[in-house]
1. Okay, which of the stretch 194-210 sit inside 17 Å, backbone N to the point 7 Å along the Cα-Cβ direction of residue 277?
2. Enter the accessible area of residue 74 (Å², nearest 10), with the probe set to 1.4 Å and all protein chains included.
3. R0 = 25 Å: FRET efficiency of residue 119 with residue 146, Cβ-based, nearest 0.05?
4. Beyond a 24 Å Cα-Cα separation, which of these cross-linked pairs lie in this structure: 315/380; 198/275; 198/306?
5. Kindly state, to the nearest 0.05, the FRET efficiency for residue 248 paired with residue 334, given R0 = 25 Å and r defined as their beta-carbon distance.
6. Quick one: if the Förster radius is 35 Å, what FRET efficiency do residue 232 and residue 380 give, using the C-beta to C-beta distance and rounding to 0.05?
7. Place the peptides 277-284, 103-110 in order of packing, highest mean first, counting for every residue the other Cβ atoms within 10 Å and averaging per peptide.
8. Arrange the peptides 342-351, 288-297 so that the one whose residues have, on average, the most other Cβ atoms within 10 Å appears first.
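The values are calculated or read from the model by the stated rules, or taken from the named source; none is laboratory data. Computed from a prediction, not measured in an experiment: that's the story for all the values here. Don't worry about glycine lacking a Cβ; one is built from the backbone with ideal geometry, like all the others, and counts go over all protein chains shown. Ligands, DNA and RNA are stripped out before the accessible areas are found, and what is left, the full protein with its side chains, is counted by its heavy atoms. Shrake-Rupley method; radii C 1.70, N 1.55, O 1.52, S 1.80 Å.
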Amino acid sequence: MAGSRRRGGKQPPRRRRPDKISAINFIERLPPDLLAEIHRNLTFLDRIAFALVVRRAVGHVLKPDTPCLVLSSSASDETATLVSIADGRREAVVPACDPAMRGHVVVGSSHGWLVTADARGALRLANPVTGAQADLPSVATIPLFVRTGMWLILDGDAFARLRFGGPPPYVDDTTWGPTPPRSFSLTVEQLRQSLYRKVVLSTSPLSGSYAAMIVTTPFFGAPAFVTSEDPIWRFAPSREGVEDAIHHDGRFYSLTYSGLIEAWDRDDSGGFTSKVVAPRLNVARDDKRRKYLAVAPNGRFMVVLKEPMEVEVDKYRNRMWTCVFKVQMLDEVRQIWEEEPDIDDMAIFVGVNSSVCVSTTTGPGISPGCVYFTEDEIGKACLREETYNAYCDADDQLRRVGVYSFSKHRVDKIIMPEELPRWPLPAWFTPSAF
């Protein structure tokens, strides 16, 4: 009978409950190929949520996302927006990492992490998907800088000797030769406009051991490196100046303004030195087009050349900003660069991010034979924001983000669900939970 006592008045022994019930992540117990298939069939929003559930131990089986656009937050915003081009421009609203994404300008994007700079030039790392963040060392640690209050004073003579590998004159450099300035001063507020062009990471900071490379503006030209083991930034020699850089297959690779590709390795002293690993591009040494270094899905080096221009748009001779792209690919066997009139089923994403080339055959949404670009001239964009003129809105929107088609030979706007903010600039970002 229910509720009756057992004979002898004894109760049945109760099971002892464990002191602590450990949570079991059943997702992680699924076979890797099934995990990859599930991830492949999810929508943009669901892929972000799914990546957070799967631990790093099995995360490598997940198909990498194509880059999306991150719309940075103002200082007062509590959220940031990710826009997936591959998923019909769907949006995901994520918490804005505080402080790394609030009022900061994106100056780099690698391995699922953003590198941002605040108004005083402090560099921070942020993962918009997980909310993780970290600080990079201050550039004031560079031995050639002397900090005096709000000023950073660079020893011009020592910098020029380091960059060019010896004393002046530097007859082939219009900035530092034949007589370099004895010193050069920057306020901390000028760092993100005048010193930083792009910051590249070797891997996710969660790996525990990583390096970072600052591609400086054309005036400086020499890159700077730091590692997690040695948190002091150091300039590295670069006679021809570094215009762009990526991290590929365990090494930093850079592209000089004159069209040479160099590979960088850390030497016994802890500094970084380079060696040329490819012939010069088919360009003049003083070519002024913006150049980006990337690697095709088949492993070939490629360089994307961007030429801004203005064209007349009506009978009143009004002019509008636009640009044209060209691509050269390295034939490693013959050691020559070949200009490609089209890039077939590939799409390239360039800007302040580490340039990414993806195949469009593995998923819909990304147009083949296109270059997706964002504004990456941070200093010029900052000046335009300070002198904002509503008549320039159309130009500025196209500068901030657009897509160039090799088959149509034209630039088109990327229509967004909402109006793009004028500042901070948008940037390409490949979502990752690691």
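1. From the stretch 194-210, the list is 200-203.
2. Accessible surface of residue 74 is approximately 50 Å².
3. 0.70
4. Long pairs (Cα-Cα over 24 Å): 315/380.
5. 0.75
6. FRET efficiency, residue 232 to residue 380: 0.70.
7. By packing density, highest mean first, the sequence is 103-110, 277-284.
8. Ranking the peptides 342-351, 288-297 by packing returns 342-351, 288-297.
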